[in-house]
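Novice: My questions will all concern the structure given below.
The values are calculated or read from the model by the stated rules, or taken from the named source; none is laboratory data. None of these values were measured; they are calculated from a predicted model. So basically every Cβ, Gly included, is an ideal-geometry build from the backbone, and we count neighbours across all protein chains shown. Heads up: the accessible areas ignore ligands, DNA and RNA and are worked out on the full protein's heavy atoms, side chains in. Shrake-Rupley method; radii C 1.70, N 1.55, O 1.52, S 1.80 Å.
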Amino acid sequence: NAQNNVTHFSLFGHLDHALKGKYLLNATLRRDEASVFGPANRAGSFPAIGLGWRMSEENFMKGITWITDLKLRGGYGEVGSLSNNGPFNPFSTFRTGPGFGNYDLNGTNNSAFLGYRQGTLGNENTKWETTVSKNIGFDLTILNGKWAFDFNLYQNDTRDLLIPRNRINTEPTVNQPNENIGTMRNNGVELGITNRGNIT
């Protein structure tokens, strides 16, 4: 895929398995490449795995008739982001034009020649911004599907945040590249309640 001077290439593999209808596994491995990073960091690999246990299929749950389905689940996954990393971020560029590269070689102030000066500072060391997600929860359905409850406890950690570099005042005035700095954490609880039936 090539769009706006950015090239992407992705491969992924996926596995789903259910043992006896009650022990559940899904796993994914994804490998992404993007031209917005330098050659050494162009590719990133991002795994994910989810496990589930359908307790309602166990013999010790068969006598509880009001539970239609009960599943415990947990997951871990990583995903990469370009985070608006521009197509020229790895490269230093130069520019020309009146006011950017003029120089009077003859000293007469009326014979300026156009030259080039740096316009953008490149950074080949940036790499994929990565978010690691972890969650655990359950799905419960009761009364032949009339009520459903979904509970999820999650934590998302983002590392190698892509942020524009701050220019040091003694450096030339040129556009700055992104660099990987900092982390961010989001966590919380999700609860969903669904009713399937007539309220009145």
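Novice: In this structure, is Arg31 farther than 25 Å from Asn175 by Cβ, in contact with a strand residue (DSSP E or B) (Cβ under 6 Å, 6 or more places away or on another chain) and without any contact (Cβ under 8 Å) to a residue 24 or more places away in the chain?
Specialist: yes
Novice: Conditions first: (1) closer than 30 Å to Phe149 by Cβ; (2) open to solvent by less than 60 Å² (accessible area, probe 1.4 Å). Gly38 passes all but one, so which condition is the exception?
Specialist: It is condition (1) that Gly38 fails.
Novice: Return the residues of segment 107-147 that are at negative phi, out of contact with any Phe, Trp or Tyr (no Cβ under 9 Å at 6 or more places or on another chain) and modelled with pLDDT under 90; say none if nothing qualifies.
Specialist: Hits for segment 107-147 are Thr108, Asn110, Ser111, Leu121.
Novice: Which ones in segment 182-200 are open to solvent by less than 80 Å² (accessible area, probe 1.4 Å) and outside any strand (DSSP E or B)?
Specialist: Gly182, Gly197
Novice: Would you tally the residues in segment 178-200 being more than 21 Å from the chain's Cα centre (by Cα) and within 20 Å of Val132 (Cβ to Cβ)?
Specialist: Qualifying residue count, segment 178-200: 0.
Residue-wise test of (1) in a strand (DSSP E or B); (2) open to solvent by 30 Å² or more (accessible area, probe 1.4 Å).
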| residue | (1), (2) |
| --- | --- |
| Gly119 | yes, no |
| Val132 | yes, no |
| Ile136 | yes, yes |
| Asn144 | no, yes |
| Phe151 | yes, yes |
| Gln155 | yes, yes |
| Ile168 | no, yes |
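Novice: If you don't mind, another one. Right, Phe88: among the aromatic types (Phe, Trp, Tyr), surrounded by 14 or more Cβ atoms within 10 Å (Cβ to Cβ) and in contact with an Asp or Glu (Cβ under 9 Å, 6 or more places away or on another chain) or not?
Specialist: Here the answer is no, as Phe88 does not meet what is asked.
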